[in-house]
Amino acid sequence: MKPQLKEVKQQGTPLRPLKLYRMQNDTGPIDVPTHWQDTVEVIWVRSGRLALRIGEASHTGLPGDVFYINPCDLHGMQSQEAGCRYLAFLFPLSWLQFTYADEAGESCLAPLAEGGARVVNRLPEAVAAAAAGLLDEIVALYESTVPGAWLGIKANVLRLYYLLHSAGLVERSPGGSRQMDTLLAIAHYIQEHYAEPLSLQVLGRQFHMSPKYFSAYFQKHFFRSFTDYLTAVRLEQAKKLLQETDADIELVAQRAGFSASSYFIRTFRQSLGMTPGQYRRALEQKG
């Protein structure tokens, strides 16, 4: 896998490498555009229906379902359904490595960290139910101030890997493909250049395809049009700017790649059911 294609957003901190995200659509539909990172991501659906695309497979997540996204898996999530909630746990596999080499590290964890093995993406119902107990304890410890909480978190993550191995859900990784490299490169290019005036012509030239062929290729593999995908990426960036900065609406629109603030406000309202200003106020009230 090409290192220059990865998402560069840092997850967690050196002392607390696991990061927990609570995702819900009370401030608009969930739409996480296709991307990848070099950390593990475990998705635990708590309510509603969540559409996931992992690699070239589509899944519908229902309450209680658990999905495992391996490092470098191309993936995205969507839900238009009110009340959809899920938890996302992200952590690097290097966090679990042992200084003292033993069978647990060398046979069970190292192959996953080195890419020689992978976990199946959708956990079977019985395994998901057992994993949910571990994830629930991780959440409680993550949000507590109990002494040794992070020891408990790490212990539960290791128990999760025991569960996955004992259930036979760890398999040898298949070889990479040129097509997957192309899809990763397309997703990365858009993530890097979303603020620029992108078009089918620009992307077609970049990936040596005609605009018409690129449009059909994109629709086939990303399950939405290039325009819809680019808009979703820009809206996701705008939401982050509204949450993490005090930039005014015009500057947010510019930084997110929208040609005009009026178009940005209209698109934002159509997608999330509220204006950017209302979205920012809703976040402030929640905080």
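Since every read-out is calculated from the coordinates, none of them should be taken as a lab result. The structure displayed is predicted, hence computed values, not measured ones. Positions of Cβ are backbone-derived with ideal geometry, glycine not excepted, and every protein chain shown enters the neighbour counts.
In loop segments of region 135-187 as defined by DSSP, the GluC sites (Glu not before Pro) with at most 11 further C-beta atoms inside 10 Å of their C-beta are 143. Under Stokes-Einstein, with the Kirkwood radius over Cα pairs as Rh, the value for the chain at 20 °C and 1.002 mPa s is 105 µm²/s. Judged by the gyration tensor of its Cα atoms, with axes a ≥ b ≥ c, region 148-232 is prolate; a/c meets the 1.5 cut and a/b is the larger of a/b and b/c.
What is the Cα centroid distance between region 143-163 and region 226-272, reported in whole angstrom? One Cα centre to the other: 37 Å.
Using only alpha carbon pairs under 8 Å that are at least six residues apart, calculate the relative contact order of the chain and give it in whole percent.
This gives 17 percent for the chain.
The Cβ shell under 13 Å around residue 262 holds other residues with a net charge of +1, Lys and Arg each +1, Asp and Glu each -1. With a simple spin-label model that places each label point 7 Å from the Cα along the Cα-to-Cβ direction, the separation between residue 173 and residue 136 comes to 3.4 nm. Diffusion coefficient of region 162-286 by Stokes-Einstein, Kirkwood radius over Cα pairs, 4 °C, 1.567 mPa s: 77 µm²/s. Here the calculated FRET efficiency for residue 149 and residue 80, from their Cβ-Cβ distance with R0 = 45 Å, stands at 0.80, rounded to the nearest 0.05. The overall shape of region 54-158 is oblate: from the C-alpha gyration tensor, with semi-axes ordered a ≥ b ≥ c, the ratio a/c is 1.5 or greater and a/b is no larger than b/c. This model, with +1 at the C-beta of Lys and Arg and -1 at the C-beta of Asp and Glu, gives region 1-160 a dipole about its Cα centre of some 280 debye.
Using a cut-off of 26 Å between Cα atoms, the listed pairs 154/240; 239/286; 220/240 include 154/240; 220/240 as exceeding that distance.
Ranking 142, 34, 193 by Cα position along the charge dipole of the chain, where only Lys, Arg, Asp and Glu carry charges on their C-beta atoms, puts 193 farthest toward the positive end.
In this Cβ point-charge picture (+1 for Lys and Arg, -1 for Asp and Glu), the chain has a dipole of about 700 debye about its Cα centre. A Förster distance of 25 Å, applied to the separation of the beta-carbon atoms of residue 205 and residue 38, puts the FRET efficiency at 0.30. Simple spin-label estimate for residue 227 and residue 284 gives 3.5 nm between the two label positions (7 Å along the Cα-to-Cβ direction from each Cα). Using r as the Cβ-Cβ distance of residue 22 and residue 162, and R0 as 25 Å, what FRET efficiency do you calculate, to the nearest 0.05? The value I calculate is 0.45. Compared with the alpha-carbon gap, the fully stretched path from residue 240 to residue 216 is longer by 5.6 nm at 0.36 nm per residue. Protection proxy ranking for 33-43, 106-116, using the average of other Cβ atoms within 10 Å per residue and placing the highest first: 33-43, 106-116.
Straight-distance candidates among the aspartates and glutamates for linking to residue 19, with alpha-carbon spacing under 16 Å and chain neighbours fewer than 8 residues away dropped: 7, 38, 41, 136, 137, 143. Judged by the mean number of other Cβ atoms found within 10 Å, the most tightly packed of the peptides 205-217, 121-133 leads the ranking 121-133, 205-217.
The slack in the chain from residue 189 to residue 275, taken as 0.36 nm per residue of separation less the alpha-carbon distance, amounts to 28.1 nm.
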